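Trainee: Structure below; questions to follow.
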Amino acid sequence: MNNIKLKYFSDAEDFKGNMHKMDPKLLGMLDPLRKTYGFPIIINSSYRSPDHPIEAAKDKPGEHAHGAAVDVKCVGGEATYLLVAAAIKCGFKRIGISRKSNFVHLGIGYPGAPKTTIWTY
Ligand SMILES: [Zn+2]
């Protein structure tokens, strides 16, 4: 449970009512990310229950099941470059990029996960 209030993000719209299941550390990084990036940020996916089909298909539930990641909608090379640059500046060290599906995964990690990594989908 957390009582964090964000300037640019809402529980209902951005977290589908699951903001209390998000890691407070990650939540605290989102407003600075929005400011550094300088453009609106649309969150496609945040907390996912271990029963969610995407998580259930994995060997172990991933970063979203720990409330430790968001997928941000991102279309185009320049926007993706600027978002990733802003994310690195704001301290995100786990970044997944999908140009095909137009999103960037931003994570803060969980026990057992590599602390610093970047990947593509
Ligand atoms: Zn993700």
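The values are calculated or read from the model by the stated rules, or taken from the named source; none is laboratory data. These numbers come from a predicted model, not from an experiment. So basically every Cβ, Gly included, is an ideal-geometry build from the backbone, and we count neighbours across all protein chains shown. When the accessible area is computed, the model is the full protein with side chains, heavy atoms only, and any ligands, DNA or RNA have been set aside. Shrake-Rupley method; radii C 1.70, N 1.55, O 1.52, S 1.80 Å.
Trainee: Just how much of Ile88 is accessible, in Å², when a 1.4 Å probe is used and the result is rounded to the nearest 10?
Mentor: 100 Å²
Trainee: Among DSSP beta bridges whose residues both lie in region 1-118, state the antiparallel percentage, nearest 5.
Mentor: Expressed as a percentage, antiparallel bridges in region 1-118 total about 85.
Trainee: If you don't mind, there's one more thing I want to ask. Per-residue ellipticity at 222 nm for the chain, helices alone: DSSP H runs ≥ 4 residues times -39500 (n - 2.57), over residue total, nearest 500 deg cm²/dmol?
Mentor: Values: 4 runs with 36 residues, N = 121.
Counting only the DSSP helices, I get -8500 deg cm²/dmol.
Trainee: In nm, give the distance between the simple-model label positions of Asp11 and Ile118, each being 7 Å from the Cα along the Cα-to-Cβ direction.
Mentor: Simple spin-label model gives 3.6 nm for this pair.
Trainee: A further question on this structure: Give me the extension gain from Asp59 to Asn102: residue separation times 0.36 nm, minus the current Cα-Cα distance, reported in nm with one decimal.
Mentor: Stretched out fully, the Asp59 to Asn102 stretch lengthens by 13.0 nm.
Trainee: In whole angstrom, how long is each semi-axis of the equivalent ellipsoid of region 18-120, when you take the square root of 5 times every eigenvalue of its Cα gyration tensor and sort them from largest down?
Mentor: Largest first, region 18-120 gives 21, 15, 13 Å.
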